[in-house]
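Input: a single structure, listed below in structure tokens.
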Amino acid sequence: MDALEHNVGDPKNLIPAYALLSRIRLSSSPDVLANAEAVVREIVGTYAKPNLTPEQIQSRATNGDDPLRKFSDICRAELESMQAQI
């Protein structure tokens with residue numbers, strides 16, 4: 001959401017995203033990692049685009065434009081797979 005409303009004024013604001021990506025690298029499958037990397041690329045790319053108005057953001061949300069959907073679906077599948085092995 002921050003990337004939709006702001007341009008990156010301070011690149012160190014991206015450190016938490018890269019830290020989370022590094023933690024994902026430690027324990028997740030290649031599919032989860034690839035999708036996490038895609039999400040981070042999308043976030044970084046979105047900062048470079050023009051800011052959206054609150055109305056534009058609301059429209060995207062109500063139209064099902066969810067940049068995390070594929071990533072969360074892959075994570076759910078991995079979690080279900082891990083639970084099935086127990």
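The values are calculated or read from the model by the stated rules, or taken from the named source; none is laboratory data. Everything numeric here is computed off the predicted structure, so don't read it as measured data. Because the Cβ atoms are built from the backbone with ideal geometry, glycine has one as well, and the counts that use them run over all protein chains shown. Each accessible area value is taken on the protein alone, full model and side chains, heavy atoms only, with ligands, DNA and RNA left out. Shrake-Rupley method; radii C 1.70, N 1.55, O 1.52, S 1.80 Å.
The condition (being modelled with pLDDT under 90 and aliphatic (A, V, I, L, M)) is satisfied by just one residue among ALA48, ALA19: ALA48. Against the test of being of a type outside the set (Asp, Glu) and in contact with a helix residue (DSSP H, G or I) (Cβ under 9 Å, 6 or more places away or on another chain), the options ARG25, ARG41, ARG69 yield a single qualifying residue, ARG25.
Hey, could you check the range 17-49 for residues that are among the polar types (S, T, N, Q) and more than 12 Å from PRO67 (Cα to Cα) and say which is most open to solvent (accessible area, probe 1.4 Å)? Talk me through it step by step, then tell me what you get.
The first filter runs over the range 17-49 and keeps only residues among the polar types (S, T, N, Q), leaving 22, 27-29, 35, 46.
When the remaining residues are screened for being more than 12 Å from PRO67 (Cα to Cα), the result is 22, 27-29.
On the way: SER22: 57, SER27: 94, SER28: 40, SER29: 36 Å².
Only one residue tops the list, namely SER27.
For first residues located in the range 10-29 and under 26 Å from SER81 (Cβ atoms), partners that are surrounded by 10 or more Cβ atoms within 10 Å (Cβ to Cβ) and at pLDDT below 90 and lie 6+ apart or on another chain with Cβ distances below 7 Å form the pairs ALA17/ILE43. Annotation: of all residues in the range 1-16 being part of a helix (DSSP H, G or I) and either closer than 21 Å to LEU52 by Cα or in contact with a Cys (Cβ under 7 Å, 6 or more places away or on another chain) (or both), the one that is least open to solvent (accessible area, probe 1.4 Å) is ALA3. Of VAL40, VAL32, all but one fail to be in a helix (DSSP H, G or I), closer than 25 Å to ILE15 by Cα and modelled with pLDDT of 95 or more; the exception is VAL32.
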